[in-house]
Amino acid sequence: MRQFNSLTAFAAHLIRLDGGMLLQLHAGLERVAAHIERTAKEEIGKYQPQVGPFDAWPELADATKEDRLAHGFTENDPLLRSGEMRDSIGRTVRGLEAEIGSTSDIMVYQELGTVNAAHPIPPRPVLGPAAVRAGPVIRKVLIGALVRGLLDGGDMPAGLLADYASATVTR
């Protein structure tokens, strides 16, 4: 059990734990976001089964397969042509918030589908299913980060802790 020789030292310890917990959670969130990004990219080109609220991907239409072949692509690799859409998937992590998405408008049409009467596109979601599949990884990584932060506070700048520990309380 730790003992503190002053309330200021105890407060410095709590600040270290709080800051360390945030640092550990941020690092964990970065790992989780990278995992979801990688999973989403790996789904491109392969038919996906139903997962969570997302339906299994339907087979490509015969006309789509013919068009793919006519343009020099493989017949039956859904969402994969040049790799440009796959490569547009990325992540940004700020503080305790992560965004995993795509810079491609085409990805939006594929993810949500379209209702264009002439050529409707059925949804072939990638990002949502990748996040659902990552559930166990998310729990493991973020719970581990939280525990590490609570147990040792992570690596806080030494000068910051020294400033708090040596501070005097005035009334």
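The values are calculated or read from the model by the stated rules, or taken from the named source; none is laboratory data. Just so it is clear, the model here is predicted, and its values are computed rather than measured. Note: ideal-geometry Cβ built from the backbone for every residue, glycine included; neighbour counts use all protein chains shown. All accessible areas refer to the heavy atoms of the entire protein, side chains included, with ligands and DNA or RNA removed. Shrake-Rupley method; radii C 1.70, N 1.55, O 1.52, S 1.80 Å.
So the values come out like this:
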read-out: Pair list, Cβ < 7 Å and 6+ apart or interchain, from region 32-46 residues that are at positive phi to residues that are open to solvent by less than 10 Å² (accessible area, probe 1.4 Å); value: 45/78
read-out: Selection from region 13-48 of residues that are buried (at least 19 other Cβ atoms within 10 Å of the Cβ), within 20 Å of residue 90 (Cβ to Cβ), touching a helix residue (DSSP H, G or I) at 6+ places or on another chain (Cβ under 9 Å) and of a type in the set (A, V, I, L, M, F, W, C); value: 29, 32, 36, 40, 44
read-out: Answer residue from region 112-128, given it is out of contact with any Gly (no Cβ under 7 Å at 6 or more places or on another chain) and not in a loop (DSSP other than H, G, I, E, B) and is surrounded by the most Cβ atoms within 10 Å (Cβ to Cβ) among those; value: 128
read-out: Neighbours by Cβ (under 6 Å, 6+ apart or cross-chain): first from region 2-29, of a type outside the set (A, V, I, L, M, F, W, C); second open to solvent by 80 Å² or more (accessible area, probe 1.4 Å); value: 24/148
read-out: Matching residues in region 54-66 - criterion: being under 26 Å from residue 128 (Cβ atoms), without any contact (Cβ under 8 Å) to a residue 40 or more places away in the chain and not hydroxyl-bearing (Ser, Thr, Tyr); value: 56, 59, 60, 61, 65
read-out: Per-region count, region 78-107, residues out of contact with any helix residue (DSSP H, G or I) (no Cβ under 8 Å at 6 or more places or on another chain) and assigned to a loop (DSSP other than H, G, I, E, B); value: 4
read-out: Qualifying residue in region 15-26 (condition: under 24 Å from residue 123 (Cβ atoms), at pLDDT below 95 and among the polar types (S, T, N, Q)); value: no
read-out: Condition broken by residue 2, with the remaining ones in (1) within 15 Å of residue 133 (Cβ to Cβ); (2) in a loop (DSSP other than H, G, I, E, B); (3) open to solvent by 80 Å² or more (accessible area, probe 1.4 Å) satisfied; value: (1)
read-out: Region 78-108, residues that are farther than 29 Å from residue 26 by Cα and surrounded by 15 or more Cβ atoms within 10 Å (Cβ to Cβ); value: 78, 79, 80, 81
